[in-house]
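Throughout, read-outs are computed from the coordinates displayed, never taken from laboratory work. All values derive from a computational prediction rather than experimental measurement. Here the Cβ positions follow ideal geometry from the backbone for every residue, glycine too, while neighbour counts run over all protein chains shown.
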């Protein structure tokens, strides 16, 4: 699966910012057919960063989200800044 097709776009909500600061996690909307392994592989390819854990959640409106926990030596805020969002 194409990495840019797996990771559709990052979420920039209050909860996402709180997770970035407190737990070193990023929140992305992902393809509905993407697995946790697909998300981990796509993120590591796109951002050249080690991913510790991926959790997924499908919202009632049908959008699938991924909670991506980064390695301790990588800052989620730095990655978010590199994307040009923060």
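Restricting to segment 17-40, name every residue that is farther than 11 Å from residue 68 by Cβ and within 11 Å of the chain's Cα centre (by Cα).
Answer for segment 17-40, where residues must be farther than 11 Å from residue 68 by Cβ and within 11 Å of the chain's Cα centre (by Cα): just 29.
Go through segment 33-55 and give me each residue that's surrounded by fewer than 15 Cβ atoms within 10 Å (Cβ to Cβ) and in contact with a strand residue (DSSP E or B) (Cβ under 6 Å, 6 or more places away or on another chain).
Correct list: 44, 52, 53, 55.
What single numbered condition from (1) more than 11 Å from the chain's Cα centre (by Cα); (2) farther than 18 Å from residue 84 by Cα fails to hold for residue 13?
All conditions pass for residue 13, except number (2).
Name the single residue, out of those in segment 3-32 being free of Cβ contacts under 8 Å to residues at least 24 places away in the same chain and outside any strand (DSSP E or B), that is surrounded by the fewest Cβ atoms within 10 Å (Cβ to Cβ).
Among them, the one singled out is 14.
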